[in-house]
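Some notes on the structure that comes next.
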Amino acid sequence: MTPMLAEVVWGVGLVAWAIIRVPHQSRARKTRVTSSAKTLQDRLALLAAAVGLCLVPILFVATGFPGFANYTFQPWLGWLGLLIELAFLCLFYASHQQLGKYWSVTLEIRTEHRLVTDGLYRYVRHPMYLSFWLWAIAQLCLLPNGIAGSAGLVGVATLYFSRVRHEEAMMRDTFGTSYDEYTRQTGRIIPKPW
Ligand code: SAH
C-alpha cells in the first residue's frame with residue numbers, strides 16, 4: 001500500500017460513513033422525541049469527535065498540514081488500516097440497522113421506544129461506539145502524521161467517556177430493571193466472556 005492509496009481508503013471510508021448515516025438522520029428528524037438528556041457537554045463532545053474524525057484529517061489530506069508531524073508511512077500498517085476500516089463500516093451499518101428508529105445523534109428517548117437487546121446488542125451495549133473506536137484506529141494506521149492520525153482517537157475518547165455514563169443513566173431511568181438485567185448480561189464495547 002502507498003500513502004496515497006491509504007488516503008483514498010480513509011476518504012472512501014468517510015464517504016461510506018455519510019452514505020450509511022444520511023437515511024437514519026432524515027428518519028430521526030421525523031420520529032417524535034418524548035424525552036431528551038442532551039446537554040451542552042454532549043454537544044461539545046460531539047463537536048470534538050467531528051473535529052478529530054473529519055475536520056483535522058480532511059485538512060491533512062487536502063493540504064498536507066501539519067507537515068511537521070509527518071512520519072514514514074508503513075505499508076503493512078496501511079493494509080491493517082484497510083481491514084479495520086472495513087470492520088468499522090460493517091459494524092456501523094449493522095448497528096444502525098439493528099437500532100433502527102431508536103437511534104439519535106444525541107441522547108433522546110423516542111415515542112414507543114423499545115430496548116433493543118438482539119443482534120449486536122445481545123453482546124455489547126454500544127456497538128456503534130465500538131465502530132467509532134475502530135474508525136479512529138483505522139485513521140491512525142492510514143494517515144502517517146502524528147496529529148492527523150491520532151486526532152480521531154482523541155475525538156472518540158472525548159465523546160465516549162463524556163457520554164456513556166449519561167446514556168446508560170437515561171436508559172436506566174426509562175427501562176428500569178430490564179436495563180439493569182441487560183447490563184448484567186452485556187459488556188459496554190467488549191462482550192462479557194460468560
Ligand atoms: N450507544 C448505542 C447507541 C448510540 S445512538 C451504540 O453505541 O450502539 C444513541 C441513542 O440510542 C440513545 O439516545 C438511546 O436512546 C438509544 N439507545 C442506546 N442503546 C439502546 C438500546 N439498547 N435499545 C434502544 N435504544 C438504545
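The one condition from (1) open to solvent by 30 Å² or more (accessible area, probe 1.4 Å); (2) in contact with a helix residue (DSSP H, G or I) (Cβ under 8 Å, 6 or more places away or on another chain); (3) among the hydrophobic types (A, V, I, L, M, F, W, C) that Phe161 does not meet is (2).
Mind listing just one residue for me: the one in the stretch 79-100 that is in contact with a helix residue (DSSP H, G or I) (Cβ under 8 Å, 6 or more places away or on another chain) and of a type in the set (Gly, Ala, Ser) and, of those, farthest from Tyr160 (Cα to Cα)? Within the stretch 79-100, the match that is farthest from Tyr160 (Cα to Cα) is Gly81. Within the stretch 101-114, is there a residue that is touching a helix residue (DSSP H, G or I) at 6+ places or on another chain (Cβ under 7 Å), more than 14 Å from Pro191 (Cβ to Cβ) and in a helix (DSSP H, G or I)? Among the residues of the stretch 101-114, at least one is touching a helix residue (DSSP H, G or I) at 6+ places or on another chain (Cβ under 7 Å), more than 14 Å from Pro191 (Cβ to Cβ) and in a helix (DSSP H, G or I), which makes the answer yes. Consider the stretch 98-137 and keep the residues that are in contact with a Phe, Trp or Tyr (Cβ under 6 Å, 6 or more places away or on another chain) and more than 10 Å from the ligand (Cβ to nearest atom). The one that is most open to solvent (accessible area, probe 1.4 Å) is Leu134.
Annotation: of all residues in the stretch 164-194 being of a type in the set (A, V, I, L, M), farther than 18 Å from Leu91 by Cβ and out of contact with any Lys or Arg (no Cβ under 9 Å at 6 or more places or on another chain), the one that is surrounded by the fewest Cβ atoms within 10 Å (Cβ to Cβ) is Ala169. State the number of residues belonging to the stretch 170-194 that are in a helix (DSSP H, G or I), touching a residue at least 60 places away in the same chain (Cβ under 8 Å) and aliphatic (A, V, I, L, M). Number of matching residues: 1.
Filtering the stretch 14-62 to residues that are basic (Lys, Arg) and more than 16 Å from Phe161 (Cα to Cα) leaves Arg21, Arg27, Arg29, Lys30, Arg32.
Is at least one residue of the stretch 36-45 assigned to a helix (DSSP H, G or I), out of contact with any Lys or Arg (no Cβ under 8 Å at 6 or more places or on another chain) and within 22 Å of Tyr93 (Cβ to Cβ)? The answer is no; no qualifying residue exists. In the stretch 160-175, the condition of being away from the ligand (no atom under 12 Å from the Cβ) and either more than 30 Å from Gly64 (Cβ to Cβ) or under 19 Å from the mean Cα position of the chain (by Cα) (or both) is met by at least one residue.
Do we have Phe88 as open to solvent by less than 10 Å² (accessible area, probe 1.4 Å), within 16 Å of the ligand (Cβ to nearest atom) and either modelled with pLDDT of 95 or more or part of a helix (DSSP H, G or I) (or both) here? So Phe88 passes the test. For the stretch 12-35, a tally of residues being surrounded by 12 or more Cβ atoms within 10 Å (Cβ to Cβ) and closer than 20 Å to Tyr93 by Cβ returns 12. Looking only at residues of the stretch 37-77 that are of a type in the set (Ser, Thr, Tyr) and loosely packed, with under 13 Cβ neighbours inside 10 Å, we find that the one that is farthest from the ligand (Cβ to nearest atom) is Thr72. Annotation note: Cβ proximity below 9 Å between a residue of the stretch 109-128 that is within 15 Å of Phe175 (Cβ to Cβ) and in contact (Cβ under 8 Å) with a residue 40 or more places away in the chain and a residue that is more than 9 Å from the ligand (Cβ to nearest atom) and assigned to a helix (DSSP H, G or I) (sequence gap 6+ or interchain) occurs for Ile109/Asp173; Arg110/Ala28; Arg110/Lys101; His113/Lys101; Leu115/Ser178; Thr117/Ser178; Thr117/Gln185; Arg125/Thr183.
The values are calculated or read from the model by the stated rules, or taken from the named source; none is laboratory data. Computed from a predicted structure; not experimentally measured. Cβ atoms come from the backbone with ideal geometry, glycine included; neighbour counts cover every protein chain shown. When the accessible area is computed, the model is the full protein with side chains, heavy atoms only, and any ligands, DNA or RNA have been set aside. Shrake-Rupley method; radii C 1.70, N 1.55, O 1.52, S 1.80 Å.
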